[in-house]
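Working notes for the structure below.
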Amino acid sequence: MGVPAASPPGGGPLRTCVGCRVRGPAESLLRVVARDGATVPDPHRRLPGRGAHLHPDPACLALAQRRRALPRALRAETPLDLDPLRAWIGAAGARQAAPRS
Ligand SMILES: [Zn+2]
């Protein structure tokens, strides 16, 4: 009658993407924090404070932007500047995408 382990089998913590609302392993999602009215990508999950999680995908960022999910998730009182996050995701996508010509 032991208490079952809290962690799901074969995985670490699960997080929900604030864009598409799909749950996935925390390491597959980008952590985002708010600082000085702007979103700051925190890929190493080291920044203090409340974090939101998002797939590093422009489509998820667009969804999150449309429903203002990031300011809500981060408890921001003012609109957040999404440019730093957009730039990071754009660069990540450029790194991953196979060059097509
Ligand atoms: Zn997503």
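The values are calculated or read from the model by the stated rules, or taken from the named source; none is laboratory data. Predicted model only: the values in this text are computed from it and were never measured. Note that we place each Cβ from the backbone using ideal geometry, even for glycine, and neighbour counts take in every protein chain shown.
Things to note:
- Sole residue being out of contact with any Phe, Trp or Tyr (no Cβ under 9 Å at 6 or more places or on another chain) and on the phi > 0 side of the Ramachandran plot, chosen from ARG35, ARG50, ARG67, ARG45: ARG45
- For first residues located in segment 55-83 and of a type in the set (Lys, Arg), partners that are more than 10 Å from the ligand (Cβ to nearest atom) and lie 6+ apart or on another chain with Cβ distances below 7 Å form the pairs ARG75/ARG50.
- Within segment 72-91, the set of residues being of a type in the set (Lys, Arg) and in contact with a Leu (Cβ under 9 Å, 6 or more places away or on another chain) comprises just one member, ARG86.
- Some residue of segment 81-91 being modelled with pLDDT under 95 and in contact with a Ser or Thr (Cβ under 8 Å, 6 or more places away or on another chain): no
- Restricting segment 24-72 to residues that are acidic (Asp, Glu) and away from the ligand (no atom under 15 Å from the Cβ), the residue that is farthest from TRP88 (Cα to Cα): ASP36
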